[in-house]
Structure formats: structure tokens, C-alpha cells
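The structure appears right after this line, and notes come after that.
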Amino acid sequence: MKRIEEEEAKSKEERMATRSSCSSNGLLPSSASPRKTDDLEVGQPIKEFELDDDDDDDPFDIAHTKNAPLEILRRWRQAALVLNASRRFRYTLDLKKEEEREQRRRMVRSHAQVIRAALLFRLAGEQQIGDYAIGLEELASMTRDHNIFSLHQCGGVKGLSNMLKTNLATGIVGDENDLIKRMNTFGTNRYPQKKGRGFLTFLWEAWQDLTLIILIVAAIASLGLGIKTEGLSHGWYDGASISFAVMLVIIVTAVSDYRQSLQFQNLNKEKQNIQLEVMRGGRIMKISIFDIVVGDVVPLRIGDQVPADGILITGHSLAIDESSMTGESKIVHKDQNAPFLMSGCKVADGIGTMLVTGVGINTEWGLLMASISEDTGEETPLQVRLNGLATFIGIAGLAVALSVLAVLLGRYFTGNTKNPDGSVQFIKGETTVSKAVDGVIKILTIAVTIVVVAVPEGLPLAVTLTLAYSMRKMMADKALVRRLSACETMGSSTTICSDKTGTLTLNQMTVVEAYVGNQKINPPDDPSQLQSEAGLLLCEGIAQNTTGNVFVPKDGGDVEITGSPTEKAILSWAVKLGMKFDVLRAESKILRVFPFNSEKKRGGVAIQTADSKVHIHWKGAAEMVLASCTGYLDSNGSLQSIDKEMDFFKVAIDDMAACSLRCVAIAYRPYELDKVPTDEESLGKWVLPEDELVLLAIVGIKDPCRPGVKDAVRICTAAGVKVRMVTGDNIQTAKAIALECGILSSGADATEPNIIEGKVFRAYSEKEREIIAKKITVMGRSSPNDKLLLVQALRKGGEVVAVTGDGTNDAPALHEADIGLSKLQKRARILLSWMIILLQL
């Protein structure tokens, strides 16, 4: 017994020593918390390890976390002695392949640097010297290396903007001479692109299909044997016919693929030609991403792509997804301590403005894009299945042919094959070699005939012609798809989950109904019905709590309003009520911004007025903002308790929603200045109060239905494709739009679970969601995650799901669905075209 205890103690000491050694070598974090793990999950980082002194489990097990560095994985595999290692690491990363990928990345980067050096050499002779206080290479190097020290040497973003002759408030001058000068000095926002593949390349690839290779061999054999047995005058027919079919398939396939390649090249050019907003000459204007120049001031919002390398000017809760550049999936928060922005990344949250410091080939994104080309040569699922079928038939035919060949040769040489007159064809020692060869050739001809008949030479041609026909039909419907596999999946879709705004509706919004306090303004843009104090607070909240902009030309021209359709509608309404946008913005200072959030359905801003008062303004979904209100301003501007009028406001919201209006509430609350955080770090983390709000106004915004939508829904329904509407709008608004579009046939259908709110759906268990999902026709007040849960539940229930949408909030569901459609077409015929073609086959 004592001996056993001594051995256990010794074993324990050895395990602790092993752990200590691993920790000193960087294999085991010193802060590892006691947690036991069992397996290694692919791509998971090493964060926590657990060593239970009373357990015999392997102390080198790796926790279930993500993105393990390759060097750490390599160390662990070298350190751990694993029985049956090939099985243990069967589902983990192939380190050798990862190293090969890294080498390819380095080669791409090296190639890109060569391209950049050549372009810089060419630009060096073209650019003007002395126009700006900072040179191209110095500017590009500072941004590329994220050199905060160099930025401080330039005087921060303010000093750098002076060097680039940019006004941070109004942007660059933006006239033709200014733009040409900046392009000549710092380059354009374009990068060299590789030429597409030529027709001969597609011709070469077309004949390498396995089925065609079998047919080519069979054609040659048939041609040779036919000439041998039947002579030159008649023996070439079979071989020539097969050869003609093969050549026809090769040519049609090459032509179709080449035309498809040209179409996709044009499509990709349009896809890359993103329209974005910049500040030039004091006004917000929309330009192509290719027209961005160094010195431009660019506003950034959720879902935007960072159009060029740059430096943050101002930002509120700005978070950037840099995974496209760094490969790390974590979101990076940007502020004055981390102000550098990389081209090609996405804005994950918040708002901000950036100063462009690098464009085109002078950015990391431009370097990568100049060195890679997009491959469009993938096979569709139908092609894969039919090629597999043809190959299987060919192999089966070949096996039968070989069996027949063996049997016939056996019968021939054993004397069991006879001529029509009853004489034996082969007699050992008597039949000449020439006659024996002729007999064998005839048997080979029979075997080759079996192979030729078995291999369906028309199958590749049918697939090619079908794909080409489908492409033409879809182009006639003004739809170009990136992957033909999407057409096939679309043809078998059983349900469509459609967004409302911009898909079923035109996304052209106007305020058609308004309540200020407990008074209905009729017409809604009549300023005479607005009390002065309530009107001032209302205009202040609209001017400050917005991502839009109002530009009033000095020459007295029409007012230019920019922003999202909802923002433009509210700003236009406020301008008609007498809002002085620039004056109100200048009179107060923004302390903190809470950007509009699809989950909370609201956005807020805290401002400090000229008389040192703090106002927190909120704007968002009417019933949600109303629930946070405790008071309202009456017609005299006096603060009143909202308790007695709560039912009045709820009825007003329901009435507007029943008329398919989007309801938005605007509210505010005063706040004590001494409670506002004073230091920048605390201010950046300050959570704006959302309670005890004072209601200022409720507006109803009309977004008319898109023409042709009702017919599209009817055709889809007749084809057995169920259309469901998923929207973030009020449930009553969603119901009204669904009735208008024909998604709901009558008001009697508008009962739960046919029509449901997102929060109700997400509260169900996973199994319950799968059952409920099939019954849902309309989902209102849904978050992006609710739409994702619906798609997942439908797919688990066996549905083939198509998702339509045009907003950033649709991205998760679009990615999860079997097929994602960026816009709903005028007719739903496109959804059926591929299914009809397949049925005709």
C-alpha cells in the first residue's frame, strides 16, 4: 500500500514538472485555469488548459476555442506523445497545407509589391512636386505600418489634413483641377487587373471532360475497326458520327463558358463600382468608389465598406471587421488611439468619418487585388451529378464490354463460334492467322459498340445547352447570377423569406402623418400648428440625432438632403417645419452617440447646448420609444404626465400602422451636466439613459409597394413557393403591407402563428421553432438574428429557403439560406425557369 502511494506521489510530481516545463517553453499559459478538456477542435486557439491532479487525462488536451496559431499547434503536436496520431488528429488542421497556403500568400504579396514598385516608378515621373507638404511614399508608409508616432509628428489628423489641403468640416474643394492634381500626386483608387482567359483556354478545358475522353477513345477505335472490317467507303460512318458529336460538345461548351466569363467580368466591374458618400465643398455627394482621392472626407456607417486607407477623424462606437485583411474574425474598435482604417474592411457597428490617406495600389487591399483574379470555372451541382452519372454509365459499359469481349474470345478460340452455314469459325491448327485476326477484330468491334452505346455522348451537350439557355432566360429577366449553382437551387426553392423595405416596397419614404405632443398636425408640415419650445426641441433632436445631412446652396437653389430613406423623410419634414440644420448643429456639442441598432430599434445622442444644458435625444420604433416615455409636451409646451394619454398614443400608432405607415417616435430627456463623464475613456463607455423620456413627436412614414409585387407573389404561390415577409417594422404595419402585396389573402389569416413578432418566435425552443416556422407568413419587429433563426428552422424542416433583401441587416440570413437574392424581380418566373428546364429534360 505504501509503495502504491509513493508511486502515485511520484507520478503527480512528474506531471507537475511536465506542466512547469511546458509553461516555461511557451506551451502552457501560466494563468491556465483549472478546466478539463477532451479534444482539439479545428482552428481553435489555446486559451485554457486544465490539469486535474486526481485525473489521469492527458494534460496536453486543448480547449474548444478558435483560431489557434499554427506555431502553438505545431509545438503541442511535437510535445504530446499521442497513440494512433493519424486518427487523433484526423479532424484538425493540416499544418503542412497551412504552411503551403502561407507561402502562396507571401508569393502574392511579393508579386503585388513588384507591381506597386513599377507603378510608383511610373508615377514618379508624372506627379507634381511641392503641391502638398507630405509625399506619397511617406503617407502610404505611415498608413500601411499604422505608425501613430509619424501621425503625431504630422500634428495628428488636423495637421495631416492641413498638409493635404483638406478642411475636416467641409472636405476638399473638389473641382476638376483639384481632383486632377490629387490623382497625379497620390494616384487613383484603381488597381491593375489581370486579363480574362482567352477562348483557346476554354477550348482546351472543354475537351478534358472524362466522358468526352472516353468517347474520343471509342471514336478512334470505332473508326479504325470500321475501316478494317467494312473498308474505307462505309467503315468510317460510326467513328465520324461520334467524333462530330464530341467536337460539337467541345465547341458549344467552350463558347458558352467564354461568353459566361465575359458576362461575369462585366458583372464584377459593376459589383465593384460601389456608390458612396463623400464631403466635398461642404456638401454630401454620391460618387463612385473609383473616384475617391487622397484628402477626401468620407462618412462611415454600419455595413459600409471602407473605400480606401485612411485615418479616423471622429467616431462613435465605431467597430471595424478587419477579417478580410488580417484573417482574424474579431471586431476592432477604432478611436484616437487606434485611428488607422484599412481599405476593403467592413463597418460592423457605429458611425464615424475618415480622412483618406491612401488609394488604389498604395493600399494593402489594392496590392492584394492586383495579384489575384477571380475564378469562375467551378462546376454546378447538376454538372457534377450528371458527370458522375455519365462516368458511372461509362465504367459499367466498359465492364460489360470487357466481359463480353472475354466471353466471345473464349468461345471463338475454343471452337464454339460458328458461321451462319454451321461451320466452325476457328479450328486450331487449320485457321490461318489472317482469318483469326479478322475474327478477333469483329469481336472487338462488338465490344467497342457496347462502350459507344453505353456512354451517353448527348449528356454533356444537353447540360451545356441547358445552362446556356438558362443564362439567356435569366438575362431576359434582368438577373445575372454569380454562380449557376444558384439557378439550380432556385428552381427547387420551396419558400422565400423576403425583406419589406426596398424589396417589396420602393424605399421612397415621405412623412404623411404626424403627432406633436397629443396634437395631430394636419397637414403634417404646417409650422403654424407647432408650439415654439416643442418645435425647437424637436428640430434640435432631428438635426443632431441623424446620420443624414442637409445642404443649403448659397445661391438659393433647392435644399439637398442626403441619408437613408427614413432619415431623408424625417429631415425633409423638419426642414418644412423651419429647421435650420447647420445653425442647430453649430449651437450644440455632441457628447456621445448611440448609433441606430437593429436589435434595439432605436438610436440616441447626448448633446451639450450653448447654455451648458445636456439633452439626450432618442429616435426609433414608435411603440418601443413610447414605452420608455413618462411625459410629453402639450400644445402650450408644458410637461405633462403621459399616463392619461398613453392609450391615445397607442391608438394613434395602431391607426397609422394599419394604413401601412412606418411609425417613428422622437423623444428626449434633460440630464445633469455633472453626471456626464469628463474623461474621454469613460465618455466612450457611457451608456445613454433610455428611461424617463419626454415624447416630442410620432410620425407616420409612407413607403409605397413596388409595382408588380402582387403578381410576383401570386405566381410564386401558384407554383408552390410560399412567400414569407420578415421585417423590422411594427406588426400592424407588416400586416397591412402583407395584405397589400397579397402575402396574406385576408385579415382572417392575420392570427398567430401566421403573423408573429420576432421576440415571440425567438422565445420558443429550437424544436418548437421548427414546428412554428412552417406556419409563419409574416414576422414583424424582427431582428437580424430572428430572421436567421427562421431560416435555420425552415431548413431543418426540409425547406429549400431563398432569402431576399437589400440591407446590411439581411446579411446573416442571406448567408445561411440555400440561395440569397439581392432584389425581388418584377416577375417570379425566374424562380421557376430552371425547374421547368429540368422537367423538360
Exercise for review: Leaving ligands, DNA and RNA out of it, work out the accessible area of Glu766 with a 1.4 Å probe and give it in Å² to the nearest 10.
Suggested key: 100
**Study point:** Pairwise FRET efficiency - Ala763 versus Ala586, Cβ, R0 = 30 Å, nearest 0.05
**Key:** 0.05
Revision key, fill the gap. The stretch 723-769 and the stretch 512-527 have their Cα centres apart by a whole-number Å value of 30
Check your understanding: How far apart, in nm, are two points set 7 Å out from the Cα along the Cα-to-Cβ line at Thr630 and at Trp207?
Key -> 8.4
Practice item. Give the residues of the stretch 502-532 whose amide nitrogen is closer than 18 Å to a point set 7 Å from the Cα of Lys576 in the direction of its Cβ. Key: 507-517, 519-531
**Study point:** Residue pairs, from the table Lys269/Lys473; Lys735/Lys767; Lys500/Lys600; Lys767/Lys787; Lys568/Lys787, whose Cα atoms sit over 20 Å apart
**Key:** Lys269/Lys473; Lys735/Lys767; Lys568/Lys787
Exercise for review: Can you figure out the FRET efficiency of Ser241 with Glu430, using R₀ = 35 Å and their beta-carbon distance, to the nearest 0.05?
Suggested key: 0.35
Review point. What's the extension gain from Ser403 to Thr510 if we count 0.36 nm per residue and subtract their Cα-Cα distance?
Key: 30.7 nm
Exercise for review: Mind giving me the nanometre distance, one decimal, between the label points for Gln265 and Asp679, set 7 Å out from Cα along Cα→Cβ?
Suggested key: 5.9
Practice item. Order the following by accessible area, largest value first: Lys158, Lys644. Probe radius 1.4 Å; ligands, DNA and RNA are ignored. Key: Lys644, Lys158
Point to revise | Cα-centred dipole magnitude for the stretch 663-808, charges only on beta-carbon of K, R (+1) and D, E (-1), debye, nearest 20 | key: 1000
Review point. So what is the relative contact order for the stretch 240-317, in percent, with contacts set as C-alpha pairs under 8 Å and at least six apart?
Key: 18
Study note, to complete from the structure: Rounded to the nearest 10 Å², the accessible area of His152 using a 1.4 Å probe with every protein chain kept is 120
Exercise for review: Would you calculate the separation in nanometres between label points at Phe413 and Ile331, each defined as 7 Å from the Cα along the Cα-to-beta-carbon direction?
Suggested key: 7.6
Check your understanding: When only C-alpha pairs under 8 Å and at least 6 residues apart count, what is the relative contact order of the stretch 510-702, in percent?
Key -> 27
Point to revise | Rounded, prolate or oblate (a/c below 1.5 giving rounded, otherwise prolate when a/b exceeds b/c) for the stretch 505-630 by Cα gyration tensor | key: rounded
Point to revise | Residue order for Val800, Val664 - accessible surface, 1.4 angstrom probe, largest first | key: Val800, Val664
Study note, to complete from the structure: Here the FRET efficiency for Phe199 versus Ser288, based on Cβ atoms and R0 = 45 Å and rounded to 0.05, is 0.90
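The values are calculated or read from the model by the stated rules, or taken from the named source; none is laboratory data. Just so you know, these numbers come straight off a predicted model, no measurement behind them. For neighbour counting, all protein chains shown are included, and Cβ atoms are generated from backbone atoms with ideal geometry for every residue, glycine included. Just the protein is used for accessible areas: all its heavy atoms, side chains included, with ligands, DNA and RNA removed. Shrake-Rupley method; radii C 1.70, N 1.55, O 1.52, S 1.80 Å.
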